[in-house]
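Working notes, beginning with the structure itself.
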Amino acid sequence: FTQIPSPEDLQSRFVAKSTKIYDRNGELLYDIFQNQNRTPVKLTEVPEVVKKATIAIEDKDFYKHGGFDVWGILRSFYRLIIHRRIEGGGSTLTQKLVKNALLTSDQSVVRKLKELILAIQVERTYGKDQILEMYLNEIPYGGTAYGIESAANLYFGKHASELDLAEASLLAGLPQRPSVYSPYG
């Protein structure tokens, strides 16, 4: 077992952000980034429909569990035994945050164990709203769009705070398979 990152690394690590250049009237002229277009936003700036759509699609029991889904783990374990391969599914929103922010995406039992341990630690360290905010700012939405603000701008030409229900629903589904569900994919 190799070293497991600390849950505090979620807030202390360096995260590349976009540099924005505006004209004197406040109009965006250029958005400069390398590989990941990311503009963090506070959870208070995200409409309720975005939060609810994300939770409904990614982890309906987000506010009820302690970082992991027992049935999801059992389902994945069953697939491992029967099909002899690790298949997706069963990960909570917290586990997805941990995987994207602190771990690699390789499919191994060791990585899944690290993810599970870290998810529990993250749930003990941060509140649910803090975790949701980090998730919405971390997750890839297809192409170079990382985080809900960049995704709202890329797909709809607006700020995340201006998203409606239909737009929120589309964006909430993108992280599951960005290259498949993206309108540009």
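The solvent-accessible area of Leu29, taken with every protein chain present and a 1.4 Å probe, is close to 100 Å².
Per-residue 3J(HN,Hα) values for the range 35-52, derived from phi via the Karplus relation 6.51 cos²θ - 1.76 cosθ + 1.60 with θ = phi - 60°, read 6, 10, 8, 9, 10, x, 10, 7, 4, 5, 8, 9, x, 4, 4, 5, 4, 5 Hz in sequence order (x marks Gly and Pro). Just tell me the longest site-free run in the chain, where the sites are GluC sites (Glu not before Pro) in a DSSP loop having at most 15 other beta-carbon atoms within 10 Å. Longest gap between qualifying sites, sites excluded: 88-185.
Dividing the helix sum by the residues of the chain, where each DSSP H run of 4 or more adds -39500 (n - 2.57), gives a mean residue ellipticity at 222 nm of -14000 deg cm²/dmol. Taking θ as phi - 60° and the Karplus parameters 6.51, -1.76 and 1.60, the scalar couplings of the range 167-175 work out to 5, 4, 5, 4, 5, 5, x, 4, x Hz in sequence order, x denoting glycine and proline.
Hey, can you grab everything whose amide H is under 5 Å from the amide H of Asn37? Only 5+ residues off in sequence or another chain; H modelled, so Pro and N-termini drop out. For Asn37, whose amide H was placed from the backbone, the distant partners under 5 Å are Ala145, Tyr146.
Rounded to the nearest 20, the size of the Cβ-charge dipole of the chain about its Cα centre is 700 debye, with Lys and Arg at +1 and Asp and Glu at -1. For the chain, the Kirkwood radius over C-alpha pairs fed into Stokes-Einstein at 37 °C and 0.692 mPa s yields D = 190 µm² per second. Per residue, the accessible area of the chain comes to 58 Å² when a 1.4 Å probe rolls over the protein heavy atoms. What trypsin sites (Lys or Arg not before Pro) in the range 122-185 are in a loop by DSSP, with at most 13 other Cβ atoms within 10 Å of the Cβ? Listed in order of number, the matching sites are Lys158. Candidate cross-link partners of Lys51 among the lysines, defined by an alpha-carbon separation under 23 Å and a same-chain spacing of 8 or more, comprise Lys17, Lys42, Lys60, Lys64, Lys96, Lys99, Lys128, Lys158. Just the protein heavy atoms count here, and of the accessible area of the chain at 1.4 Å, carbon and sulfur take up 54 percent. Taking chymotrypsin sites (Phe, Trp or Tyr not before Pro) across the range 48-128, the ones in a DSSP loop with at most 13 further Cβ atoms lying within 10 angstrom of their Cβ are Tyr63.
Considering only Gly127, Tyr181, Tyr78, the residue lying farthest towards the positive end of the dipole of the range 57-185 is Tyr78, judged by Cα position with unit charges set on Cβ.
The values are calculated or read from the model by the stated rules, or taken from the named source; none is laboratory data. Computed from a predicted structure; not experimentally measured. Glycine gets a Cβ as well: all are built from the backbone with ideal geometry, and neighbour counts include every protein chain shown. The accessibility values were calculated without ligands, DNA or RNA, using every heavy atom of the protein model including side chains. Shrake-Rupley method; radii C 1.70, N 1.55, O 1.52, S 1.80 Å.
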